[in-house]
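Notes for the one structure printed next.
The values are calculated or read from the model by the stated rules, or taken from the named source; none is laboratory data. What you see is a predicted model, and the numbers here were worked out from it, not measured in a lab. In this analysis, Cβ positions are derived from the backbone assuming ideal geometry, glycine residues included, and neighbour counts consider all displayed protein chains.
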Amino acid sequence: MSTAKRVYFYLVYFVALGMFAAGASILLGVCFDVITKYPALQIGAQAFSRQALSLGLAMLVIGGALWFLFWRAIQRNVSGNLAEIGSAIRKLFMNLILAVSALVGLYAAAGFLKWLVAGALLNQFPSGELARLIVTGVIWYYHWRVTEEEGQPSPDAKTLRRWYVYLLSGWGLVALSVNLVGLVNTAVLHLPVWGEAIVSGSFWSSSVQSNLSWILLGGAVWGFHWFRMARRDFDSTLRQVYLYLLAISGGAIAGLVALTTSLFKVFRFALGTLSTPTNTYFQFLGWTVPTMLVAAAVWVYHQHVTQEEAAHVQQQLSARRVHSYLMSFIGLGTLIAGLIILLGILLDVPLHAGSMVVTPGWWYNQLSVCLALVVVATPIWLYYWNRTLQMAAKGVAERRASSRRIFLYIVVGAAILTLAADLINIVYQLLNGLLQGTPGTEVLRHSKWSLQTLVVAIPALMYHWRILRQDQRLGAEVAAARKTVTVLVSDRAAELASQIEEKLGYKVHTLRYLGRKPKGFPALSDKEISRLAADIRAAPGTKVMLIATGGRILVLPYQEK
Amino acid sequence: MKPSSRWLLIFGAAIGLLAIVAIVLVLIGGAREAPLLPENTPEGTVQRYFLALQAEDYMTAYSYLTPPPTEKNPYEEWRSPLIRPEEKPEWKVTLGKSAVSDSEATVDVVVDIFRPGGPLENPVRTQYVTFFLKKEGTSWKITSPWDVWWLFY
């Protein structure tokens, strides 16, 4: 099938399936409605049911016929044809159907579960939700069975399946975590320790019922996709993105926000300037403590997974590297913010001296924020920045990494611009004060923010500028002479491409060998891979083909006519 | 027969059965309307109010309401959202629990409004509404919700 024909077939199929599913949901919903609401007193039920029946039948018959015709036509083309089964368009639509039906079904399941835990009142029976849950469940199961039977015979198919698996894994993990925190927070707010200040309804509220439903569903979705569908998928880049950027970075950021908020509130309490009644002040612990615990659990578990998988993974550096620089950036930014606030307090002391309009203890809140930011950010920045320094010590390839270059240029660029803006303001205020004959406190007051940021920006700029220059001296900015490298390998030698990419510092094209599998392809040592990379660089021309055959690798320079 | 074809056949049979069951249930079971409740009860008042709205007998429906004293032209205000009958979606009301305390009462209702949207959208919008009533002589009058626009949008 041509690409245009494939798009046409699957697009019509997708829309027809949507119509068919909507028709079936409406009809099933009508059936549930008539059965469950039969004993209830209803007004207008007859016209309502007949309208729903009419639309449901029309969509079911027309959508169903269209769906069946297109599905048969597609399956006839696919039958036994590996190229067709593994085509990107087919897999895109199959995984899209799986993702959409799973998400729609989950929202319907949440509505149904909420009704169950709320006491299952028959006159509130969620006919529509149960109908959509059944229909989307059937659609999901059928397409899941089809994709499981045919497998993932191409790299595109594997990638698209991974998008589905890690998207749903991430979604399930987030739903589980957020609702766990929500449930514990509500429970804490209903503890009999807050005195009479809290005015609230029953604990068994709509939000608690919703939290419980989503905990069950989020846990089930995450468990199924992560433990079953993503099991042993070690050589996946998307898995690394899920692990490092969603689970580990996301967990760390959520936990740090909660920790910073807690510390700020505790420092504020310790310094003693509260307008809120003390017996309700610590209610913030209801969400910060469970957030920290859940975030820590997510972080520790996924960190443990990455360590376990390190032995199986040849190429996990990219996502790990981005995670390290991202956390360094967050740590550095937070630390700088804390130091700027601290300097602001120090500068405010002479400015407020002798002033009659300043409230005593004006600095308590600022000091609480500053302490919270510095206490949280310092260990984070030190830990992650130390890790990036260790990574950079391994060689120039690491220093060339885009995430490192972006991190350094953002920090240096931001510091230079801050310094320039600060200097302009300070010089302007000084000159203006001298010319207007009003030097002294007013000049200091108007230059205060610039002085705070200037004092912090100078050491930040000097330190990162030095690292940037060191990287440049070691050749981090020298563009690698790139060649178009194509590797023809079987599944067994698939990791060869990523090993070569690491040595060369750029992507190589991979072609999959479909013939008889070569026997006993040896694992190459780091030295042999380096030699191979040197051969590629030394090869004449700009294009090189690598063919793994007979237990060795041929490096063949070529040119297109 | 391939397993996927077998599943297809099972789904086809289930869908056919669903269509037949739905037709039978709607034409036989769905034809039942609630018996008319006594007029001097809160449930009977709410039921008659909705029956009048369904029959587009707005004057009668309005007679079951007590308008807020702040409205200058209460009937016109109440009637204005009901002007465009061609846009009205089909709706049904299920009467739920009621509670009476002296001269005040509440009646819970579940309102299902049928408005088809996209293929993946739920065509039925459900609202849980509590009606507040006040006794005036021997009859009951609805004090809240006074407006009715939410039934048509």
Next on the checklist: For B:Glu87, only one of the following conditions fails: (1) at pLDDT below 80; (2) within 30 Å of A:Leu55 (Cβ to Cβ); (3) facing chain A (nearest Cβ under 9 Å). What is its number?
Outcome noted: (3)
Next on the checklist: Can you pull out every residue in the range A:379-412 that is outside any helix (DSSP H, G or I), of a type outside the set (A, V, I, L, M, F, W, C) and over 25 Å from the mean Cα position of the chain (by Cα)?
Outcome noted: A:Lys394, A:Gly395
Item to check | Residues within the range A:165-185 that are over 12 Å from A:Val221 (Cα atoms) and surrounded by 18 or more Cβ atoms within 10 Å (Cβ to Cβ), tallied | outcome: 8
Checklist entry - For the range A:103-113, does any single residue satisfy the condition of being buried (at least 20 other Cβ atoms within 10 Å of the Cβ), closer than 22 Å to A:Gly170 by Cβ and in contact with a Lys or Arg (Cβ under 6 Å, 6 or more places away or on another chain)? => result yes
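Condition first: among the hydroxyl-bearing types (Ser, Thr, Tyr), surrounded by fewer than 21 Cβ atoms within 10 Å (Cβ to Cβ), more than 7 Å from chain B (Cβ to nearest Cβ) and farther than 16 Å from B:Asn122 by Cα. Can you find one or more residues in the range A:36-52 that meet it?
Yes: one or more hits.
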Next on the checklist: If I ask for residues that are in contact with a Gly (Cβ under 6 Å, 6 or more places away or on another chain) and assigned to a helix (DSSP H, G or I), which ones from the range A:141-162 would you list?
Outcome noted: A:Ala157
Checklist entry - What's the number of the condition B:Glu39 fails, among (1) touching a Gly at 6+ places or on another chain (Cβ under 9 Å); (2) in a loop (DSSP other than H, G, I, E, B); (3) modelled with pLDDT of 80 or more? => result (1)
Next on the checklist: Need the failing condition index for B:Thr143 against (1) among the β-branched types (Val, Ile, Thr); (2) within 11 Å of chain A (Cβ to nearest Cβ); (3) in contact (Cβ under 8 Å) with a residue 60 or more places away in the chain, just the number.
Outcome noted: (2)
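I'd like to know if the range A:71-91 contains one or more residues that are among the basic types (Lys, Arg), touching a Lys or Arg at 6+ places or on another chain (Cβ under 9 Å) and modelled with pLDDT of 85 or more.
Within the range A:71-91, one or more residues are among the basic types (Lys, Arg), touching a Lys or Arg at 6+ places or on another chain (Cβ under 9 Å) and modelled with pLDDT of 85 or more.
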Item to check | Residues of the range A:66-79 satisfying the condition of being more than 9 Å from chain B (Cβ to nearest Cβ) and surrounded by 13 or more Cβ atoms within 10 Å (Cβ to Cβ) | outcome: A:Leu66, A:Trp67, A:Leu69, A:Phe70, A:Ala73, A:Ile74, A:Asn77, A:Val78
Next on the checklist: With the condition being among the hydrophobic types (A, V, I, L, M, F, W, C), exposed (fewer than 15 other Cβ atoms within 10 Å of the Cβ) and modelled with pLDDT under 90, I'd like the helices (runs of 4 or more DSSP H) fully within the range A:205-314 carrying at least 1 qualifying residues.
Outcome noted: A:249-271
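Could you please find all residues in the range A:80-124 being part of a loop (DSSP other than H, G, I, E, B) and in contact with a strand residue (DSSP E or B) (Cβ under 9 Å, 6 or more places away or on another chain)?
Step one: list which residues in the range A:80-124 are part of a loop (DSSP other than H, G, I, E, B), which gives A:80-81, A:86-87, A:118-121.
A:Leu121 - this is the single residue of the range A:80-124 that is part of a loop (DSSP other than H, G, I, E, B) and in contact with a strand residue (DSSP E or B) (Cβ under 9 Å, 6 or more places away or on another chain).
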Next on the checklist: Looking at (1) modelled with pLDDT under 90; (2) among the aliphatic types (A, V, I, L, M); (3) within 19 Å of A:Ile330 (Cα to Cα); (4) exposed (fewer than 13 other Cβ atoms within 10 Å of the Cβ), which one does A:Ala393 not meet, given that it meets all the others?
Outcome noted: (3)
Item to check | Residue in the range A:20-35 that is nearest to the other protein chains (Cβ to nearest Cβ), counting only those that are without any contact (Cβ under 8 Å) to a residue 60 or more places away in the chain and of a type in the set (Val, Ile, Thr) | outcome: A:Val34
Next on the checklist: Go through (1) without any contact (Cβ under 8 Å) to a residue 60 or more places away in the chain; (2) assigned by TED's automatic domain parsing to the domain that holds A:Asp535 for A:Leu488 and report which single condition fails.
Outcome noted: (1)
Checklist entry - Of the residues that make up the range A:429-439, is at least one under 32 Å from the mean Cα position of the chain (by Cα), assigned to a loop (DSSP other than H, G, I, E, B) and surrounded by fewer than 16 Cβ atoms within 10 Å (Cβ to Cβ)? => result no
Next on the checklist: Step by step: first the residues of the range B:131-145, then only those that are touching a strand residue (DSSP E or B) at 6+ places or on another chain (Cβ under 7 Å) and of a type in the set (Lys, Arg), then the one that is surrounded by the most Cβ atoms within 10 Å (Cβ to Cβ). Which residue is that?
Outcome noted: B:Lys141
Checklist outcome for this item: Note on the range A:110-124: residues in contact (Cβ under 8 Å) with a residue 40 or more places away in the chain and away from chain B (no Cβ under 13 Å) are A:Leu113, A:Val117
